[in-house]
1. Could you grab me the full set of residues in the stretch 141-177 that are among the β-branched types (Val, Ile, Thr) and open to solvent by 80 Å² or more (accessible area, probe 1.4 Å)?
2. Is it true that some residue in the stretch 183-206 is crowded, with 18+ Cβ neighbours inside 10 Å, more than 13 Å from the ligand (Cβ to nearest atom) and aliphatic (A, V, I, L, M)?
3. Run VAL107 past the list (1) free of Cβ contacts under 8 Å to residues at least 60 places away in the same chain; (2) within 15 Å of the ligand (Cβ to nearest atom); (3) open to solvent by 10 Å² or more (accessible area, probe 1.4 Å) and report the number of the one that doesn't hold.
4. For residues in the stretch 171-223 being assigned to a strand (DSSP E or B) and in contact with a helix residue (DSSP H, G or I) (Cβ under 8 Å, 6 or more places away or on another chain), which is nearest to ALA131 (Cα to Cα)?
5. I'm trying to understand the selection: among the residues of the stretch 1-48, which are open to solvent by 50 Å² or more (accessible area, probe 1.4 Å) and within 10 Å of the ligand (Cβ to nearest atom)?
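The values are calculated or read from the model by the stated rules, or taken from the named source; none is laboratory data. Since this is a predicted model, take the numbers as computed values, not measurements. Note that we place each Cβ from the backbone using ideal geometry, even for glycine, and neighbour counts take in every protein chain shown. SASA here: full protein model, heavy atoms, side chains in, ligands and nucleic acids out. Shrake-Rupley method; radii C 1.70, N 1.55, O 1.52, S 1.80 Å.
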Amino acid sequence: MEYYLITGTNRGIGLELTKQLLQKGVTVIACCRNPEQASELNALLLKGNKERLIIFKLEITNEKDIQALSSFLEDRGIKLNVLVLNAGIAEPAEQIGTITQQQLLDVLNTNTVGPLLVIQALVDHFDSRKAPAKIICISSDLGSISRASDLVFGLSYGVSKAALNMGVKKLSGELLKRGITINAMHPGWVKTDMGGSGAPLTTTQSVTAMLEVIDGLQSKTGLFLNYRGQEVAW
Ligand SMILES: NC(=O)c1ccc[n+]([C@@H]2O[C@H](COP(=O)([O-])OP(=O)(O)OC[C@H]3O[C@@H](n4cnc5c(N)ncnc54)[C@H](OP(=O)(O)O)[C@@H]3O)[C@@H](O)[C@H]2O)c1
């Protein structure tokens, strides 16, 4: 049985990842912070996916939730093939004079600290017997320092994704010794609550392309890729 664990699956890119993976016959542990309110996700259980969809509560900034997830995998003896750290937030309308400590901490906690702690907590729950297990950190080209604009707009988001990218690079050697690859992935500019209605890509297009790239990664690790599999400048 092939197991994917995905964070932030109640809407947007995470929900579409869950839908497409279920269609492919994969078993999905779909994490979200409010399972009882995740109506579209719960509806997937009624569409013949009961055996292959596990919905798990994970507020990614909550260490107890992260520990509970690790214990759940341990108790069930589940070994993951792929972990996709997708949950994220953005604070786009930042200007000098309006940025608060709490805003910066919230974005960093959700986009950087949470994913890194999830990786640490789950590191012993991967299956790398037949092929390397894979960790995908959903990043953004807005986290590329070499391509960044000089505008304050999106400051905390850019900082958080650049820091996440650094985490990917820094962890890649140690994880590879354990048979796990880790890569950062930019999903493109996608029509979601975060991306807005003016984005050129649908969730279907972005996720279809990303799953192809993930499938073909083999032992590639420590890279920053876009949804087409091309390298993005750090
Ligand atoms: N859309 C784009 O154009 C674009 C471009 C580049 C990168 N990305 C990245 O792609 C990923 C998904 O974005 P999206 O466009 O699908 O955004 P979205 O539609 O706003 O969905 C964000 C998801 O993250 C979850 N989430 C937020 N904070 C969380 C927390 N503290 N704990 C657990 N879950 C949390 C949300 O859950 P709730 O419903 O509970 O809030 C939701 O499921 C993000 O990492 C984002 O930075 C998106």
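1. Filtering the stretch 141-177 down to residues among the β-branched types (Val, Ile, Thr) leaves 145, 152, 159, 168.
Once the filter is applied, which keeps residues that are among the β-branched types (Val, Ile, Thr) and open to solvent by 80 Å² or more (accessible area, probe 1.4 Å), the stretch 141-177 yields only ILE145.
2. Checking the stretch 183-206: not a single residue is crowded, with 18+ Cβ neighbours inside 10 Å, more than 13 Å from the ligand (Cβ to nearest atom) and aliphatic (A, V, I, L, M).
3. (3)
4. The first filter runs over the stretch 171-223 and keeps only residues assigned to a strand (DSSP E or B), leaving 180-186, 190, 201.
Filter again for in contact with a helix residue (DSSP H, G or I) (Cβ under 8 Å, 6 or more places away or on another chain), leaving 181-186, 190.
On the way: THR181: 10, ILE182: 13, ASN183: 16, ALA184: 19, MET185: 20, HIS186: 24, VAL190: 30 Å.
For the stretch 171-223, the residue satisfying everything is THR181.
5. Once the filter is applied, which keeps residues that are open to solvent by 50 Å² or more (accessible area, probe 1.4 Å) and within 10 Å of the ligand (Cβ to nearest atom), the stretch 1-48 yields ASN10, ARG11, ARG33, ASN34, GLN37.
Okay, residues lined up against (1) of a type in the set (S, T, N, Q); (2) farther than 21 Å from LYS220 by Cα; (3) modelled with pLDDT under 95:
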position	(1), (2), (3)
PRO115	no, no, no
ARG129	no, no, yes
ALA148	no, yes, yes
VAL152	no, yes, yes
ALA163	no, no, no
VAL168	no, no, no
LEU176	no, no, no
MET185	no, no, no
